[in-house]
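Written below as structure tokens is the structure these notes are about.
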Amino acid sequence: MEAIDNSTLEKLEEVILLNQGLWGYPDRAEENMNKAEEILQTLLLADPDNTIVLTSLGAVLCDRGLYDEALHHLKSAEKLGSGDRHLFENIGIVLMNKPAGKKAEALKYFEKAARLRTNALSITAWFDPQGH
């Protein structure tokens, strides 16, 4: 696991709370996503190789429908060697949701994710498997 300073830890925990608040308070979803993205972009500027930040930013961007941008950050985390289940779930979700979805490739990422553990400080994008 990556070494995380207290300030970064507090900000990642805030992103988790903002993400959880998306589902209970739909009227605040846009506000929560904006704040989460702002926090994560700031963290990324300070530490561009932080795979937890890259994974969570990819999830937020995916939830906003910004699939290419999300995939860019998620693939960066993958190249940096992240073994976080959320990373591979998020890549699969992006691939399933892109207009030219790549279902077979997405399924490979979901299969890999199933063999990994989640990092408690990262988040995953929303996904409805029944919708595909």
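The values are calculated or read from the model by the stated rules, or taken from the named source; none is laboratory data. None of the values given here were measured: they were computed from a predicted structure. A quick note on method: Cβ atoms are made from the backbone with ideal geometry, for glycine too, and the neighbour counts reach across all protein chains shown. For accessibility, only protein heavy atoms count, side chains too; no ligands or nucleic acids. Shrake-Rupley method; radii C 1.70, N 1.55, O 1.52, S 1.80 Å.
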May I ask you to say which residue of E38, E10 is assigned to a helix (DSSP H, G or I) and over 20 Å from A77 (Cβ atoms)? E10
Quick count over the range 26-82, residues being in contact with a Lys or Arg (Cβ under 7 Å, 6 or more places away or on another chain) and over 16 Å from E10 (Cα atoms), is 2
Residue in the range 32-51 that is under 20 Å from A3 (Cβ atoms) and out of contact with any helix residue (DSSP H, G or I) (no Cβ under 9 Å at 6 or more places or on another chain) present: yes
Cβ-Cβ distance below 8 Å, separation of 6 or more or different chains: which pairs start in the range 48-74 with a residue that is closer than 13 Å to I91 by Cβ and among the charged types (D, E, K, R) and end on one that is open to solvent by 30 Å² or more (accessible area, probe 1.4 Å) and at pLDDT below 95? D68/K98
Are any residues in the range 41-89 open to solvent by 50 Å² or more (accessible area, probe 1.4 Å) and of a type in the set (V, I, T), and if so, which ones? T42
Unmet criterion (only one of (1) open to solvent by 30 Å² or more (accessible area, probe 1.4 Å); (2) under 12 Å from the mean Cα position of the chain (by Cα); (3) over 17 Å from R64 (Cβ atoms); (4) of a type outside the set (A, V, I, L, M, F, W, C)) for N119: (1)
With respect to L9, is the statement that it is of a type in the set (A, V, I, L, M, F, W, C) and under 14 Å from S122 (Cβ atoms) true? yes
State yes or no: is D27 in a loop (DSSP other than H, G, I, E, B) and either open to solvent by 20 Å² or more (accessible area, probe 1.4 Å) or touching a Phe, Trp or Tyr at 6+ places or on another chain (Cβ under 8 Å) (or both)? no
Anything in the range 90-107 that is out of contact with any Lys or Arg (no Cβ under 8 Å at 6 or more places or on another chain) and either surrounded by fewer than 24 Cβ atoms within 10 Å (Cβ to Cβ) or at pLDDT below 90 (or both)? List them, or say none. N97, K98, P99, A100, G101, K102, K103, A104, E105, A106, L107
